[in-house]
Amino acid sequence: MNRTYIKDLRTKVDQTVKIQGWLQTLRDQKKIQFLILRDPTGLVQVAHWKPNDEDLAARITSMGMETALTITGKVIDNPVVKLNQIEIQLESLVVENAAEIPLPFEPFAETLPALDYRLDWRYMDLRRPYNNLLFQIETTLEMAMREYWLQHNFVEIHSPKLTGSPSESGAELFSLDYFERKAYLAQSPQFYKQMAMAAGFERIFEIGPVFRADPSFTARHMTEFTGVDMEISWIDSHEDVMAFQEGWLQYVYTRVKELHGDAIKETFDVDLVVPTVPFPRIPMREAIEILKSRGYVLPADKKGDIDPAGEREIAAYVKEKFDHDFVFLTDWPIAVRPFYHMRLEGDETLTRSYDLIANGLEITTGAQREHRVDVLTRQALEKGLTVEPIQYYLDFFRYGCPPHGGFGLGLSRLMMVLLNLPNIREAVYIFRGPTRLNP
RNA sequence: GGGGGCGUGGUGUAGUGGCUAACAUGCGGCCCUGUCAAGGCCGAGACCGCGGGUUCGAACCCCGUCGCUCCCGCCA
């Protein structure tokens with residue numbers, strides 16, 4: 001017999017079906033037992049009249065919560081039953097895997113354990129429909145990203161995560177033994193994205209792991225995360241990158257809202273708002289003036305950068321003035337940008353770069369890249385880098401590389417923004433941080 | 001790396017100098033003609049993170065230590 005999903009039981013009234021899932025609740029009375037079975041699509045009540053089979057009744061009585069079961073029985077339309085007015089009359093029951101007692105974690109307790117404890121027992125935590133939905137939404141999110149890219153002639157690449165030399169700075173690299181030498185885990189696909197531009201791919205994207213050896217203890221950092229990266233050729237400035245990104249995000253939001261808008265409202269209490277384009281754009285110098293005018297005092301040593309609280313303040317300003325959840329902060333000073341960002345014509349102290357702030361959270365950095373090898377080399381030296389380890393990268397730009405730019409976005413940070421999650425650990429399947437390597 | 005907060009049965013909390021350390025939930029037992037956030041009764045379960053100190057007396061105050069957590073730095 002084929003397995004029936006619980007959401008489809010309404011169409012099977014008076015038929016005998018096989019359902020499979022977890023025992024969520026057992027109400028064991030003198031003559032009758034009610035089992036609430038959960039599968040990924042919902043809950044259903046299974047009834048067993050004990051005198052029908054006393055041995056089976058005894059086995060059910062001793063079953064632990066969260067036991068994995070295969071049940072067959074007849075689907076009854078029963079208006080008395082509060083749960084969808086559907087009930088299964090139990091015919092057979094197979095315990096596929098008995099849950100041990102005591103349970104380390106109760107997925108359906110009224111109060112949730114602390115996050116750290118839930119991460120210890122993540123596979124139990126993920127049984128909650130809340131999490132089930134969260135990862136369905138993430139799947140849709142990535143699907144929509146790919147849909148839009150494919151509609152715009154992008155090619156997907158998978159760049160290596162094992163690298164032989166530090167690419168950008170080196171400070172936040174994990175190193176490991178690689179036969180007789182050292183290797184590093186990639187902290188960004190940046191150089192390989194640009195290599196694809198030199199290779200003539202013109203438009204590429206990659207969704208893949210990124211590693212950062214930052215001992216950051218915040219609600220928005222991880223040592224391993226999924227980076228969403230893209231790069232496009234033949235652009236005139238970072239404006240082209242922003243224009244693409246906002247259209248892309250608008251499409252992604254539209255698709256997620258289509259498929260999950262109601263569920264997101266119900267489970268996360270979030271009214272998903274598809275952003276209008278263009279997103280507001282504010283040059284950094286102007287942003288700092290805005291902060292001053294609102295009485296926000298920036299720390300003295302920011303070198304033209306804005307601290308996280310300042311970003312939240314800017315987001316509040318944008319919300320008030322433009323009623324928008326997103327804002328591009330543009331034209332960042334060179335002091336706080338990497339060497340490969342192209343400089344702004346007319347002001348060599350600024351770069352053709354931007355950050356995207358969503359609901360006050362930094363989710364993206366993007367830029368036009370410097371593709372002229374002499375300028376790029378000079379900028380690297382100015383930043384104190386030595387040419388030798390990045391020579392292979394500089395060589396990308398010797399044999400006809402078009403002007404190009406792109407951005408990187410943190411997938412889980414976008415999930416935080418989308419669902420208004422308080423902590424990135426809630427937004428990722430398995431969290432990796434400075435002090436967490438298990439499970 | 002810097003700063004703040006927290007650490008009590010399996011879990012979530014209450015208790016801030018003198019209690020056999022409380023409540024909820026979960027767990028075990030008994031009861032209940034259909035429950036549905038099931039209900040009722042009984043029971044087991046914590047030497048209050050760890051070490052030291054102050055005090056007649058410490059879960060409670062002090063010091064250290066470990067763990068967790070948030071903020072900053074840095075970033076996506």
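The values are calculated or read from the model by the stated rules, or taken from the named source; none is laboratory data. Keep in mind that this is a model prediction, so the values were computed, not measured. Backbone-built Cβ (ideal geometry, glycine too); neighbour counts: all protein chains shown. Remember, those area values only see protein heavy atoms, side chains included, never the ligands or the DNA or RNA. Shrake-Rupley method; radii C 1.70, N 1.55, O 1.52, S 1.80 Å.
Observations on the model:
- Among residues of the range A:75-92, those that are within 12 Å of RNA strand B (Cβ to nearest atom) and surrounded by fewer than 18 Cβ atoms within 10 Å (Cβ to Cβ), counted: 11
Residue by residue, here is whether (1) in a loop (DSSP other than H, G, I, E, B); (2) of a type in the set (S, T, N, Q) holds:
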{"site": "A:254", "(1), (2)": "no, yes"}
{"site": "A:267", "(1), (2)": "no, yes"}
{"site": "A:275", "(1), (2)": "yes, no"}
{"site": "A:278", "(1), (2)": "yes, no"}
{"site": "A:286", "(1), (2)": "no, no"}
{"site": "A:291", "(1), (2)": "no, no"}
{"site": "A:297", "(1), (2)": "yes, no"}
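- Qualifying positions in the range A:213-234 - under 22 Å from residue A:145 (Cβ atoms) and open to solvent by 10 Å² or more (accessible area, probe 1.4 Å): A:220, A:222, A:224, A:225, A:226, A:229, A:233, A:234
- Verdict on residue A:99 being out of contact with any strand residue (DSSP E or B) (no Cβ under 6 Å at 6 or more places or on another chain), of a type in the set (Gly, Ala, Ser), touching a residue at least 24 places away in the same chain (Cβ under 8 Å) and open to solvent by 20 Å² or more (accessible area, probe 1.4 Å): yes
- Looking across the range A:289-325, the residues that are open to solvent by less than 50 Å² (accessible area, probe 1.4 Å), more than 16 Å from RNA strand B (Cβ to nearest atom) and under 15 Å from residue A:358 (Cβ atoms) come down to A:317, A:318, A:324.
- Of the listed requirements (1) at pLDDT 90 or above; (2) open to solvent by less than 50 Å² (accessible area, probe 1.4 Å); (3) over 29 Å from residue A:339 (Cα atoms); (4) aromatic (Phe, Trp, Tyr), residue A:105 misses just one: (1).
- Qualifying residue in the range A:392-404 (condition: among the charged types (D, E, K, R), assigned to a helix (DSSP H, G or I) and within 14 Å of RNA strand B (Cβ to nearest atom)): no
- Odd one out for residue A:369, checked against (1) in contact (Cβ under 8 Å) with a residue 60 or more places away in the chain; (2) farther than 23 Å from residue A:411 by Cα; (3) among the charged types (D, E, K, R): (2)
- The set of residues from the range A:405-434 being open to solvent by 30 Å² or more (accessible area, probe 1.4 Å), outside any loop (DSSP other than H, G, I, E, B) and modelled with pLDDT under 95 is empty.
- The single condition among (1) of a type outside the set (Val, Ile, Thr); (2) farther than 28 Å from residue A:136 by Cβ; (3) surrounded by 14 or more Cβ atoms within 10 Å (Cβ to Cβ) that residue A:69 does not satisfy is (2).
- Scan the range A:194-231 for residues that are in contact (Cβ under 8 Å) with a residue 12 or more places away in the chain, over 23 Å from residue A:412 (Cα atoms) and hydrophobic (A, V, I, L, M, F, W, C) and the total you get is 5.
- Only one of the listed residues (A:4, A:41, A:25, A:61) is of a type outside the set (D, E, K, R) and at pLDDT 95 or above. That residue is A:4.
- Filter result for residue A:136 (away from RNA strand B (no atom under 11 Å from the Cβ), over 19 Å from the mean Cα position of the chain (by Cα) and open to solvent by 30 Å² or more (accessible area, probe 1.4 Å)): no
- Residue satisfying all of: in the range A:299-330; of a type in the set (Phe, Trp, Tyr) and assigned to a strand (DSSP E or B); farthest from residue A:277 (Cα to Cα) among these: A:328
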